1. Calculate how large, on average over all directions, the projected area of the Cα convex hull of the range 97-176 is; give the answer in nm² to one decimal.
2. Sort out for me the Cα centre separation of the range 142-211 from the range 62-106, rounded to whole Å.
3. Just to be sure I follow: if Rg is taken over the C-alpha atoms of the range 45-155 and Rh is the Kirkwood radius over the same atoms, what is Rg/Rh?
4. At a 1.4 Å probe radius, carbon and sulfur cover how many percent of the accessible area of the range 147-231?
5. Which percent, to the nearest 5, of DSSP beta bridges fully inside the chain are antiparallel?
6. With +1 on each Lys and Arg Cβ and -1 on each Asp and Glu Cβ, and nothing else charged, work out how big the dipole of the range 44-135 is about its Cα centre, in Debye to the nearest 20.
7. Based on Cα coordinates alone, diagonalise the gyration tensor for the chain, multiply each eigenvalue by 5, take square roots, and list the semi-axes in whole Å, largest first.
8. Measure off, as a whole percent, the carbon and sulfur share of the 1.4 Å-probe accessible area of the range 1-140, all protein chains present.
Amino acid sequence: MPKLTGELSAQFAVRSGLTCLVHKYHASPLKIAKTFRYENETFFPDAAPMDQLGVYMMDCSPGLMSGDHYDIRVRLEEGARVFLTNQSFTKVHPSIEDQGSTQRQILQLEADALLEYMPEPIMLYKDARLFGETEAHLSKGSTLIFSDVNCPGRTQRGEIFQYTQYANRLKVWYEGELIFYQNQRIEPGKMLLTAPGCWEEETHLGNLFIFSDRLKQHHLDAVVEQLSQLE
């Protein structure tokens with residue numbers, strides 16, 4: 001395991017009917033900004049807005065340097081509801097020789113907890129290497145909504161797919177059972193990304209994951225309907 005250069009942990013629990021940040025630890029350059037009440041809109045017009053705790057993670061450095069390793073751990077106790085994001089893009093600077101950057105995230109959701117984790121996109125600079133790994137552990141009734149967006153580089157500088165490597169793993173457990181595993185590896189210098197069936201003319205890759213044992217068909221229909229209006 002590489003030496004930690006940035007560490008953050010946060011624990012959330014319900015107190016007097018509201019989600020609160022009950023424990024936090026951060027080591028520079030990572031930190032947690034002041035929390036705020038986040039009123040979440042719903043897909044359904046007859047549903048009342050859901051009260052959540054909004055949380056911003058901050059990185060006071062220029063970004064992940066060669067050899068950096070970030071470790072982020074978030075735990076939601078029973079019934080906690082959190083909207084989590086970060087302040088800006090995750091910027092990954094050029095690697096020195098074969099020494100890249102790494103970022104590990106562990107998310108733990110206890111019964112009936114809800115975590116919306118919507119980080120800003122990842123931006124890999126020219127010659128950058130990044131290995132990311134996210135583990136999510138879900139309990140009965142819990143819900144994880146997670147977005148993952150990757151951009152091709154500093155496009156205004158003409159850096160389009162000039163990074164060396166981006167590897168990313170996502171593992172999701174439900175009640176101790178592995179239910180989802182994704183292993184992604186992008187090496188622009190070795191892969192023909194413009195090939196048919198690959199990225200072709202596209203430059204950005206985005207994923208939206210929803211994991212919950214409460215999902216029903218009418219929920220999925222509502223999501224599809226909303227997405228169709230964006231076309």
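1. Numbers: hull surface 23.0 nm².
Across all orientations, the range 97-176 yields a mean hull projection of 5.8 nm².
2. 15
3. 1.05
4. Details: 2870 of 5750 Å².
Carbon with sulfur: 50 percent of the solvent-accessible area.
5. On the way: 36 of 88 bridges.
In the chain, DSSP labels about 40 percent of beta bridges as antiparallel.
6. Working: 7 positive and 16 negative charges, 69 e Å.
So the magnitude is around 320 debye.
7. Values: eigenvalues 185, 104, 52 Å².
With the √(5λ) rule applied to the chain, the semi-axes are 30, 23, 16 Å.
8. Details: 3570 of 7010 Å².
Exposed carbon and sulfur together represent 51 percent of the surface.
The values are calculated or read from the model by the stated rules, or taken from the named source; none is laboratory data. Keep in mind the model is a prediction, meaning the values are calculated, not measured. Methodologically, a virtual Cβ is constructed for each residue, glycine included, from the backbone with ideal geometry; neighbour enumeration extends over all protein chains shown. Note: accessible area is taken over every heavy atom of the protein model, side chains too, but ligands, DNA and RNA are not part of it. Shrake-Rupley method; radii C 1.70, N 1.55, O 1.52, S 1.80 Å.
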